[in-house]
1. Which stretch or stretches of the stretch 67-90 have amide N atoms under 17 Å from the point lying 7 Å from Leu19's Cα along the Cα→Cβ direction?
2. With springs connecting C-alpha atoms under 10 Å apart, model the chain as a Gaussian network and identify which of Phe93, Phe196, Phe227 has the largest mean-square fluctuation.
3. Can you tally the net charge around Arg172? Count Lys and Arg as +1, Asp and Glu as -1, for every other residue whose Cβ sits under 12 Å from the Cβ of Arg172.
4. For the stretch 162-214, with equal point scatterers placed on the C-alpha atoms only and solvent neglected, what are the log10 I(q)/I(0) values from the Debye formula at q = 0.26 1/Å, to two decimals?
5. What whole-number value in cubic angstrom gives the convex hull volume per residue for the C-alpha atoms of the stretch 58-124?
6. Counting pairs of alpha carbon atoms under 8 Å apart in space and at least six apart in sequence, what relative contact order in percent does the chain give?
7. Given a Förster radius of 22 Å and the C-beta distance between Glu226 and Lys182 as r, what FRET efficiency does 1/(1 + (r/R0)^6) yield to the nearest 0.05?
8. If you count only protein heavy atoms with a 1.4 Å probe, what accessible area per residue comes out for the chain, rounded to a whole Å²?
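The values are calculated or read from the model by the stated rules, or taken from the named source; none is laboratory data. Keep in mind the model is a prediction, meaning the values are calculated, not measured. For neighbour counting, all protein chains shown are included, and Cβ atoms are generated from backbone atoms with ideal geometry for every residue, glycine included. In case anyone asks, the SASA skips ligands and DNA or RNA and just uses the protein heavy atoms, side chains included. Shrake-Rupley method; radii C 1.70, N 1.55, O 1.52, S 1.80 Å.
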Amino acid sequence: MFKENELVILIDPKNRTYLLKLKKGGRFSFHGGTIFHDEILKKKEGEIIQSSKGIELLIFRPTIAEYILKLKRKTTIIYPKDIAQIIFLGDIFSGAKVFEAGTGSGALTLALLQAVGKRGVVVSYEKRKEFLELAKSHIENYLKANKQKDFGKLVLKNKDIEKGVEEKNFDRVILDLPEPWKVLDQVEKILKPGGFFLSWLPTVLQVFKLVEEAKKRKFYLKGIYEFLERKWKKEGKSLRPEDRMVAHTGFLLIFRKIL
Ligand code: SAH
């Protein structure tokens, strides 16, 4: 059974999804009618609920990938297809100490917290207070609704990384900032030797500049990546790719610190 304040994702017959935070007495209205939260509270994950107009929707707890796409956001987020690669290629392991800047909407932060697990730590810098507050509430909402999962310790700091850092001996540094070449001193200071430095950048000129600057310092360039994901659909006898795809998000650069 679900509890109050848990998050659920409802999936309609056309595969459209709706994210709800369950409240006693709450109601959700959409083109397919109304659904009362009290009815969902009596159900189990994987069950079906009927709207007032007789539409049947599946009920699940949202994954982080589903959750972050539904968030109100003031920044662009890193997309699930890219976060997946960041976690694996960046070797974000259980127990890792990860440094991130900037927090933005907290999408990547949440995925990192899940990946590092309960012995791990994620420190995230964000220079804009209003963004940090919003990210904090997004993250807390998800953590509170998912007590069955283990997350790492989160330290959010309202700081500008260009003005210096206090952290050292970290396993991983991940930057989603427009001018990462300005903070390479900080990255060197934070990272352990052998540690990974990942940078997420939307344009090739930024990629070029970062590679040039990092080459002059103690970083080995492991790779420059772009990730494409093409979803398919099955409708009756037809099985084919979907008509639209996300054409561009950004490039991932992976470096390792050398001595
Ligand atoms: N990866 C985030 C989105 C980050 S958007 C997500 O998935 O949700 C980039 C963020 O970096 C913005 O919020 C911006 O305010 C912040 N930022 C830019 N320069 C910064 C700096 N020097 N120090 C800290 N944060 C910075």
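1. Only 67-84 fall inside the zone, counting backbone N under 17 Å.
2. Maximum fluctuation in the GNM of the chain, among the listed residues, is at Phe227.
3. 0
4. Rounded to two decimals, the profile gives -1.07.
5. 93
6. 13
7. It comes to 0.40.
8. Ligands and nucleic acids excluded, the figure is 55 Å² per residue.
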